[in-house]
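The values are calculated or read from the model by the stated rules, or taken from the named source; none is laboratory data. None of the values given here were measured: they were computed from a predicted structure. A quick note on method: Cβ atoms are made from the backbone with ideal geometry, for glycine too, and the neighbour counts reach across all protein chains shown.
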Amino acid sequence: MRRTKIIATFGPSCKNEETIRKLIKSGVNIFRFNFSHSNADEHINNAKIVRKIANEMGVRLAFLQDLAGPKIRIGKIKNDKAVLRDEQIFKITTREIEGNEEII
């Protein structure tokens, strides 16, 4: 029994059934879905396709969800940039403002 797992990242080049079959035949037993890209509905659909093919081939597969980490989202910045100096105090606010070199 092989203990090593082979992981393939499911991307645009994997979106056809022939490629998925080739990957499984080559030994892939985990498909990784990068949740930083695309949306949940698309990942669900892709996972259903992979699962259907695996069932047809009589193969058990696992899925790995690579979730996006926390992101700081900022609004507009005056002139589309803010140049910061060393040791400068810089504020981050939850208010909706136009940011600048002092606050975003």
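Out of Ala8, Ala47, Ala54, which single residue is small (Gly, Ala, Ser), more than 18 Å from the chain's Cα centre (by Cα) and surrounded by 12 or more Cβ atoms within 10 Å (Cβ to Cβ)?
The match here is Ala54.
Output the residues belonging to region 1-46 that are among the aliphatic types (A, V, I, L, M), assigned to a helix (DSSP H, G or I) and within 14 Å of Leu64 (Cα to Cα).
The answer is Ala40, Ile44.
Just to be sure I understand the filter: pairs with C-beta atoms under 7 Å, separated by 6 or more residues or on different chains, first member in region 1-16 and on the phi < 0 side of the Ramachandran plot, second member among the hydrophobic types (A, V, I, L, M, F, W, C) and assigned to a loop (DSSP other than H, G, I, E, B). Which pairs pass?
Pairs found: Ile6/Val28; Ala8/Val28.
Results for (1) under 12 Å from the mean Cα position of the chain (by Cα); (2) touching a residue at least 24 places away in the same chain (Cβ under 8 Å); (3) within 30 Å of Arg3 (Cβ to Cβ), shown as yes or no for each residue.
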site: Phe31; (1), (2), (3): no, yes, yes
site: Asn39; (1), (2), (3): yes, no, no
site: Leu61; (1), (2), (3): no, yes, yes
site: Ala82; (1), (2), (3): no, no, no
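Among residues belonging to region 65-104 that are assigned to a loop (DSSP other than H, G, I, E, B) and in contact with a Ser or Thr (Cβ under 9 Å, 6 or more places away or on another chain), point out the one that is farthest from Ser38 (Cα to Cα).
Ile104
Just the residues that are surrounded by 10 or more Cβ atoms within 10 Å (Cβ to Cβ) and modelled with pLDDT under 90, please, taken from region 62-75. Before the answer, list the steps.
Here is the first cut: in region 62-75, the residues surrounded by 10 or more Cβ atoms within 10 Å (Cβ to Cβ) are 62-66, 74-75.
Once the filter is applied, which keeps residues that are surrounded by 10 or more Cβ atoms within 10 Å (Cβ to Cβ) and modelled with pLDDT under 90, region 62-75 yields Ile74, Gly75.
With the requirement that a residue be at pLDDT 90 or above and of a type in the set (Gly, Ala, Ser), what does region 76-104 give you?
Gly99 - this is the single residue of region 76-104 that is at pLDDT 90 or above and of a type in the set (Gly, Ala, Ser).
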